[in-house]
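Some notes on the structure that comes next.
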Amino acid sequence: MNAYIQLDNVGMQFNTKRGPFIALREVDLHIQKGEFVSIIGHSGCGKSTVLNLVAGLLDATSGTLLCAGREIRGPGPDRAVVFQNHSLLPWLTCTGNVLLAVEQVFGDKESKAQMLERAHAALELVHLTHANDKFPHEISGGMKQRVGIARALAMEPKALLMDEPFGALDALTRAHLQDELMSICAATQSTVIMVTHDVDEAVLLSDRIVMMTNGPSATVGEILHVELPRPRERLQLADDAAYNHYRHEVLTFLYEKHHKTAA
Amino acid sequence: MSTLNPTAERFKAIALGTVPPAIGLGLFILVWALVSASTPTIPTPGATFVSAVELFSDPFYNKGPNDMGIGWNILASLERVAIGFGLAALIGIPLGFIIGRFRFFNDMLAPIISLLRPVSPLAWLPIGLLVLQKAEPAAIWVIFISSIWPMIINTAVGVTRVPQDYMNVARVLNLSEWKIVTRILLPATLPYVMTGVRLAIGVAWLVIVAAEMLTGGIGIGFWIWDEWNNLDVAHIIIAIFVVGIIGLLLEVLLTQLAKRFDYDAR
Ligand SMILES: Nc1ncnc2c1ncn2[C@@H]1O[C@H](COP(=O)(O)OP(=O)(O)OP(=O)(O)O)[C@@H](O)[C@H]1O
Ligand SMILES: [Mg+2]
């Protein structure tokens, strides 16, 4: 069976001032359509690098990367990225930011009114209709992150790539957005790759958790299938034996098998 | 702590904002008065003020091309600055964009710019007179060449400083080069461009006086030269104030304009 996103024997080497630095080696990862996959690992192991390779923002030095059976060459709107620091354009309103993305994808097929409709719908999906005409500097960090998600969703991408999308948020906002993301994914059947360093977040959201070994030359250590039924309720899962078992598995990997010695 | 009521607070704030500048100004006039007392050729502040009132009572008289009111002279200088500066913006800003965006052009033009930028603006005047044959366009040429550098350089720096995050957005969205320029580079660079524009207008206004002294005709620079030949020192001092005030106004105007484009400060 052909995976939707397929990484085979991927290696990534950065050429730095102090010579070549091998960030990744022999990364194999097959992701099915509609799957939610988290990438977890210690800081600096190469999670963002994997995501950026799939996004096409970086070019792998070896191996093959396929998306929908075709080689990944550069970025494209079929793989929308939610950036860690939201990366909204400060001179555009929330609607403007989303609209810029919508125009790129639907510009030659739809009228201006239809595209505006799409932008508003995406913002409604993340409950931000009241902030449509606000500028990024006028809204909170959590709201900015939601606009970033709306921008990505509005493109109706085949794959959604998220680099620690909730990393900079407080626990309450984070929980709220995780729940929203789950319901959006359930509704849209999106294929998602999410980088995280939060064990609970990974177990709660994922179908599979990719655990990476420490760098340099990091690779996929283990892959954990999370077979919890959906929809998932964070309150019920708190005392759920299976949930805690998965949690424990990830923690064991991170803190026993691949404990990060202070660099 | 403070027992002052709001009105008194405001009064205090206004006093703090006005008293020190007033003292500074007063001291300046005092020094001036002392200098004029010991040097008879320098008119006193009072005499200068009287002369200024007379001068500005009819700034727009016209008694032939060699004797026009100070208002006409100021307008003539402003017009030259506007044309030279406008042309410099028209060419300098796009050029700065190209240099900032494309490594090749940067490497190609950087040596020329570094070489020509430190040249005194007036050194360009003979070339202007030679090529353009007339004084008027030569003065504009000097304004053009002296105000183009800050605009090229600031724009180019601005383009290279566009955050990588924005460029990543552009790449993920697959924006065309045109859209990258209009939707990302232009707005992201605008604060830098405005800084360049502000520096450039300062230089242009600085240079126009000197250029006009050399080219003659009508303009505040030549007017100063003319009054020097008439030995009317009061008029020269007035002209210095006029040049200073107009320079200040231009600066304030552009600073206000620049603020409107600064997304971080809003
Ligand atoms: N452009 C680059 N040039 C050189 N080295 C790089 C570059 N990008 C990343 N690296 C190195 O590659 C390794 C992996 O980086 P990456 O950003 O993928 O880590 P990460 O797992 O996302 O870390 P974090 O959790 O802190 O975000 C790091 O050691 C980093 O220093
Ligand atoms: Mg990272």
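Can you tell which of A:Val195, A:Val210, A:Val220, A:Val199 is within 26 Å of A:Val102 (Cβ to Cβ), within 16 Å of ligand 1 (Cβ to nearest atom) and crowded, with 18+ Cβ neighbours inside 10 Å?
The unique qualifying residue is A:Val195.
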**OP:** Could you figure out which of (1) within 14 Å of ligand 2 (Cβ to nearest atom); (2) open to solvent by 10 Å² or more (accessible area, probe 1.4 Å) isn't true of A:Leu24?
**Re:** (2)
Subject >> Whichever residue in the stretch A:32-67 is open to solvent by 60 Å² or more (accessible area, probe 1.4 Å) and not in a strand (DSSP E or B) and, among such residues, is farthest from ligand 1 (Cβ to nearest atom) >> reply: A:Lys33
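Report, by residue number, each residue of the stretch A:132-158 that is within 18 Å of A:Glu180 (Cβ to Cβ), part of a helix (DSSP H, G or I) and not hydrophobic (A, V, I, L, M, F, W, C).
Once the filter is applied, which keeps residues that are within 18 Å of A:Glu180 (Cβ to Cβ), part of a helix (DSSP H, G or I) and not hydrophobic (A, V, I, L, M, F, W, C), the stretch A:132-158 yields A:Gly141, A:Gly142, A:Lys144, A:Gln145, A:Arg146, A:Gly148, A:Arg151.
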Original post:
Which one of these is at pLDDT 90 or above, of a type in the set (Gly, Ala, Ser) and closer than 30 Å to A:His248 by Cβ: A:Ala171, A:Ala186, A:Ala119, A:Ala202?
Top reply: A:Ala202
**OP:** For the stretch B:155-177, indicate whether the set of residues that are more than 13 Å from every other protein chain (Cβ to nearest Cβ), on the phi < 0 side of the Ramachandran plot, open to solvent by less than 40 Å² (accessible area, probe 1.4 Å) and of a type in the set (Asp, Glu) is non-empty.
**Re:** no
Original post:
Looking at the stretch A:144-165, which of the residues that are under 22 Å from A:Ile31 (Cα atoms) and away from every other protein chain (no Cβ under 12 Å) is farthest from ligand 2 (Cβ to nearest atom)?
Top reply: A:Glu156
**OP:** Report yes if some residue within the stretch B:83-93 is without any contact (Cβ under 8 Å) to a residue 40 or more places away in the chain, assigned to a loop (DSSP other than H, G, I, E, B) and among the aliphatic types (A, V, I, L, M); otherwise report no.
**Re:** no
Original post:
Just a yes or no: is a residue in the stretch A:178-190 crowded, with 18+ Cβ neighbours inside 10 Å and outside any helix (DSSP H, G or I)?
Top reply: yes
Original post:
Quick check, is A:Gly221 of a type in the set (Gly, Ala, Ser) and within 16 Å of ligand 2 (Cβ to nearest atom)?
Top reply: no
Original post:
If you go through the stretch B:174-230 one residue at a time, how many are in contact (Cβ under 8 Å) with a residue 12 or more places away in the chain and not in a helix (DSSP H, G or I)?
Top reply: 4
Subject >> Residue check for A:Gln13: away from every other protein chain (no Cβ under 14 Å), in contact with a His (Cβ under 7 Å, 6 or more places away or on another chain) and part of a strand (DSSP E or B) >> reply: no
**OP:** Would you mind stating whether A:Glu124 is acidic (Asp, Glu), assigned to a helix (DSSP H, G or I) and open to solvent by 70 Å² or more (accessible area, probe 1.4 Å)?
**Re:** yes
**OP:** Give the residue that is farthest from the chain's Cα centre (by Cα), with candidates limited to residues of the stretch B:99-128 that are of a type in the set (A, V, I, L, M, F, W, C) and open to solvent by 70 Å² or more (accessible area, probe 1.4 Å).
**Re:** B:Phe104
Subject >> Test for B:Ile238: is it touching a helix residue (DSSP H, G or I) at 6+ places or on another chain (Cβ under 8 Å), away from chain A (no Cβ under 14 Å), open to solvent by less than 20 Å² (accessible area, probe 1.4 Å) and assigned to a helix (DSSP H, G or I) >> reply: yes
Subject >> Inter-residue pairs, beta-carbon under 7 Å, first small (Gly, Ala, Ser) and in the stretch B:20-32, second at pLDDT 95 or above and open to solvent by 100 Å² or more (accessible area, probe 1.4 Å), 6+ apart >> reply: none
Original post:
Only one of these conditions is not met by A:Asn15: (1) in contact (Cβ under 8 Å) with a residue 12 or more places away in the chain; (2) more than 16 Å from ligand 2 (Cβ to nearest atom); (3) not charged (D, E, K, R). Which number is it?
Top reply: (1)
**OP:** Among the residues of the stretch A:1-31, write down those that are polar (S, T, N, Q) and more than 8 Å from ligand 1 (Cβ to nearest atom).
**Re:** A:Asn2, A:Gln6, A:Asn9, A:Gln13
Original post:
Within the stretch B:207-214, is there a residue that is at pLDDT below 90, farther than 30 Å from A:Leu99 by Cα and not aliphatic (A, V, I, L, M)?
Top reply: yes
Subject >> Residues of the stretch A:75-94 satisfying the condition of being touching a strand residue (DSSP E or B) at 6+ places or on another chain (Cβ under 8 Å) and either hydrophobic (A, V, I, L, M, F, W, C) or buried (at least 20 other Cβ atoms within 10 Å of the Cβ) (or both) >> reply: A:Pro75, A:Arg79, A:Ala80, A:Val81, A:Val82, A:Phe83
**OP:** Report, ordered by the first and then the second residue, all pairs with beta carbons closer than 7 Å, sequence separation of six or more or different chains, a first member in the stretch A:80-109 that is facing chain B (nearest Cβ under 7 Å), and a second member that is among the hydroxyl-bearing types (Ser, Thr, Tyr).
**Re:** A:Ser87/B:Tyr166; A:Leu89/B:Tyr166; A:Pro90/B:Tyr263; A:Trp91/B:Tyr263
Original post:
Pick from B:Ala234, B:Ala258: which is among the small types (Gly, Ala, Ser) and touching a Lys or Arg at 6+ places or on another chain (Cβ under 9 Å)?
Top reply: B:Ala258
Original post:
Only one of A:Ala3, A:Ala23 is away from chain B (no Cβ under 14 Å), part of a loop (DSSP other than H, G, I, E, B) and not polar (S, T, N, Q); which?
Top reply: A:Ala3
Subject >> Some residue of the stretch A:238-258 being modelled with pLDDT of 90 or more, assigned to a helix (DSSP H, G or I), in contact with a Gly (Cβ under 7 Å, 6 or more places away or on another chain) and buried (at least 16 other Cβ atoms within 10 Å of the Cβ) >> reply: yes
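The values are calculated or read from the model by the stated rules, or taken from the named source; none is laboratory data. Note that the coordinates shown come from a computational prediction; the quantities given were computed from them, not determined experimentally. As a convention, Cβ positions derive from the backbone with ideal geometry for all residues, glycine included, and neighbour counts pool all protein chains shown. Heads up: the accessible areas ignore ligands, DNA and RNA and are worked out on the full protein's heavy atoms, side chains in. Shrake-Rupley method; radii C 1.70, N 1.55, O 1.52, S 1.80 Å.
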